[in-house]
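Beneath this line is the structure, given in structure tokens, with notes to follow.
Throughout, read-outs are computed from the coordinates displayed, never taken from laboratory work. Every value quoted in this text rests on a predicted model; they were computed, and no experiment measured them. Cβ coordinates were reconstructed from backbone atoms using ideal geometry, including for glycine residues, and neighbour counts include every protein chain displayed.
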Protein chains: 2
Amino acid sequence: MPRAVVLLSGGLDSATLLAIAREELFECYALSFDYGQLHRAELKAASVIAEVLRAKEHRVMEIPIGVLGGSALTDVSMPVPDEGGEGIPVTYVPARNTVFLSLALAWAEVLQAEAIFIGVNAIDYSGYPDCRPEFITAFQALARLATKQGVENNSVTIKAPLVDLTKAEIITRGVELGIDYSLTVSCYRADETGRACGRCDACRFRQEGFEQARLSDPTRY
Amino acid sequence: MPRAVVLLSGGLDSATLLAIAREELFECYALSFDYGQLHRAELKAASVIAEVLRAKEHRVMEIPIGVLGGSALTDVSMPVPDEGGEGIPVTYVPARNTVFLSLALAWAEVLQAEAIFIGVNAIDYSGYPDCRPEFITAFQALARLATKQGVENNSVTIKAPLVDLTKAEIITRGVELGIDYSLTVSCYRADETGRACGRCDACRFRQEGFEQARLSDPTRY
């Protein structure tokens with residue numbers, strides 16, 4: 001059974017991603033990050049999801065990017081706005097997906113994994129630069145050159161199966177795969193129990209997705 | 001004064017790198033990593049070098065790549081050989097420079113730095129894939145796409161001024177810049193005090209460099 005490292009935040013997209021990777025018959029090594037995010041309920045959600053969706057292993061890496069500041073998701077002095085506004089919003093975390101993918105690449109190489117799954121989406125999203133398909137393509141090129149695995153064999157493949165789906169399409173796909181979305185936490189302001197604010201960008205995209213998919217939204221607000 | 005993040009391992013190359021960045025009139029933010037390396041004396045050396053070469057700040061980030069295994073530099077069960085042998089040697093650490101650069105990119109973005117300096121060298125080196133110029137070029141392309149800084153302004157520039165120098169040329173340059181190489185630790189098997197084994201790849205390249213530069217080698221063996 002080929003192996004895959006699956007980036008798992010604990011949100012709706014990455015839960016769907018893990019289910020897709022399992023359906024594609026990968027042995028899944030789920031990877032989450034404790035990077036100083038204020039919405040830490042997502043890490044508890046990630047553990048539950050990894051268990052329910054039968055990841056082979058779930059690892060939570062602590063990484064020191066939150067302490068650098070520069071994002072409303074890690075810095076209490078920068079409030080999370082109700083809407084992102086123009087341009088790249090303050091919830092952007094500097095170089096987050098580059099850091100996440102690089103650590104996934106390290107683990108994938110040790111595991112001799114064939115794939116890394118990342119749940120980026122460039123349709124119903126906050127406009128973060130590191131969620132775009134061109135970012136994934138550039139990271140794929142880097143991975144080929146950066147690693148022993150890339151030089152000696154074929155490199156690991158970076159898979160982003162959600163990148164051009166709408167949120168409604170992601171939810172529909174996940175429901176087909178049997179995901180219980182009440183287990184997932186998307187909200188940037190989620191409290192300790194995972195209760196969502198219903199007003200931040202992440203909540204709005206999620207709510208609109210359930211509406212457009214004509215499915216009932218199991219989120220606790 | 002423009003800012004730069006300078007990757008500083010505590011070895012000969014990165015000390016020279018920091019001196020070059022200072023000479024180019026950057027305000028330097030030195031960045032070291034505690035990644036579970038067994039030759040931890042290099043971290044003490046990095047602190048001293050950052051101080052002596054007047055970095056504005058020196059940060060040591062703890063990152064969990066050593067625990068993944070897969071390298072003689074982090075795993076006591078894999079001995080460091082006297083010579084690397086054919087191909088990419090066992091001292092290669094999976095995706096190390098990708099992880100280092102991605103965290104440097106995060107810090108650079110928060111600092112609004114103009115450059116990241118990395119001391120890779122593809123002449124007198126162990127054959128690691130992530131020391132080659134094509135790896136640096138690929139990371140530069142990624143950095144432009146990955147960050148808010150890259151999208152809204154010009155991206156940070158990845159500078160690798162040692163990449164095509166011989167070890168002797170690096171040492172000659174460093175001596176011109178006044179570096180005291182007795183402060184640096186290159187050895188993969190350095191003891192706690194920084195005393196070098198004199199036989200590993202890192203020691204051999206260093207010794208040959210001093211010989212070819214016709215300079216006395218201040219290393220403690």
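Things to note:
- Of all residues making up segment A:167-221, the number that are in contact (Cβ under 8 Å) with a residue 60 or more places away in the chain and of a type in the set (Val, Ile, Thr): 6
- Residue match in segment B:151-163 (condition: within 14 Å of chain A (Cβ to nearest Cβ), outside any loop (DSSP other than H, G, I, E, B) and without any contact (Cβ under 8 Å) to a residue 40 or more places away in the chain): yes
- Members of segment B:108-123 that are at the interface with chain A (Cβ under 9 Å from one of its Cβ atoms) and crowded, with 23+ Cβ neighbours inside 10 Å: B:Ala108, B:Glu109
- Residue satisfying all of: in segment B:51-60; in contact (Cβ under 8 Å) with a residue 24 or more places away in the chain and either at positive phi or not hydrophobic (A, V, I, L, M, F, W, C) (or both); nearest to the other protein chains (Cβ to nearest Cβ) among these: B:Arg59
- Residues of segment A:46-94 classified as over 18 Å from the mean Cα position of the chain (by Cα), β-branched (Val, Ile, Thr) and outside any loop (DSSP other than H, G, I, E, B), total: 1
- Residue that is farthest from the other protein chains (Cβ to nearest Cβ) [pool: residues in segment A:61-97 that are touching a Leu at 6+ places or on another chain (Cβ under 6 Å) and within 18 Å of B:Leu145 (Cβ to Cβ)]: A:Val93
- A:Cys187 meets all of the listed conditions (1) in contact with a strand residue (DSSP E or B) (Cβ under 7 Å, 6 or more places away or on another chain); (2) of a type outside the set (Gly, Ala, Ser); (3) closer than 21 Å to A:Leu73 by Cβ but one, namely (1).
- Some residue of segment B:172-192 being at the interface with chain A (Cβ under 10 Å from one of its Cβ atoms) and touching a Pro at 6+ places or on another chain (Cβ under 6 Å): no
- Residue in segment A:67-74 that is under 25 Å from B:Phe139 (Cβ atoms), out of contact with any helix residue (DSSP H, G or I) (no Cβ under 6 Å at 6 or more places or on another chain) and among the hydroxyl-bearing types (Ser, Thr, Tyr) present: yes
- Taking the criterion of being surrounded by fewer than 24 Cβ atoms within 10 Å (Cβ to Cβ), in contact with a Ser or Thr (Cβ under 6 Å, 6 or more places away or on another chain) and small (Gly, Ala, Ser), the only residue of segment B:84-107 that qualifies is B:Gly84.
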